[in-house]
Amino acid sequence: MTIESTPLEGCVIIKPAVFGDERGYFFESFNQQKFCDLTGYDTVFIQDNQSYSTKGVLRGLHFQTGDSAQAKLVRVVKGEVLDVAVDLRSDSVTYGKHFDIRLSENNNLQLFVPRGFAHGFVVLSEDAIFQYKCDNYYDKSAEGGIHYADLDLAIDWALPQDRLVVSAKDVELPYFNNIGQLGF
């Protein structure tokens, strides 16, 4: 396993060592000790989530606030997605900036998204199975989000607008300039 920095401090790409032969492949998808040693984060993941989505489905941009804020370690089991993290930490030099990466079953990359970030993804393949580990339990009363098409964020979702499938809830999310100070 190796770690690669992103332009957003604390948000890192994790590349597992994949061992393949004529039978297929094997890789260690997570190791708590290696994760802590390589990232410097003593994050303990307590909840695993998985979603299935079809091409064009966009989930995000979501976050949780206060004591319910979550760090996430995300990866794709099947298919390919464009994964996006937005820095919401008001004291960060990259506040309001985003980073995107293609995660797929072929590249086996993972993205660690620390607390204080919004997160979302769009499915680029015919379908995708997306997994994420969280370091805090989901708390409906602490959920928040930012509109996926916010012009100030200028995220290129890699698909035409008319191909995106977005939930009614996510269409109603506020724009970045309207979320206020979140205390991250």
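No lab work stands behind these numbers, since they all come straight from the coordinates. Computed from a predicted model, the values in this text were never measured in an experiment. FYI the Cβ positions are ideal-geometry reconstructions off the backbone, even for glycines, and counts take in every protein chain you see.
Taking every Cα-Cα distance in the chain and sorting them into 5 Å bins starting at zero, the pair-distance distribution P(r) comes out as 1, 8, 17, 21, 22, 17, 9, 4, 1, 1, 0 percent. Residues considered: Q47, Q131, Q32. Largest GNM mean-square fluctuation over the chain, using C-alpha springs under 10 Å, is found at Q32.
Residue separation of L159 and Q47 scaled by 0.36 nm, minus their Cα-Cα distance, works out to 37.3 nm of gained length.
Between the residues C134, N177, S5, the greatest Cα displacement towards the positive end of the dipole of the chain, with unit charges on the Cβ of Lys, Arg, Asp and Glu, is found for C134. Once C-alpha pairs closer than 8 Å and six or more residues apart are averaged by separation and normalised to the residue number of the stretch 4-57, the relative contact order reads 17 percent.
Most fluctuating residue of Y132, Y52, Y41 in a GNM of the chain with Cα springs under 10 Å: which is it? Maximum among the listed residues: Y41.
Bridging of K140 to lysines at a Cα separation below 16 Å is possible for K169, once same-chain residues fewer than 8 apart are set aside.
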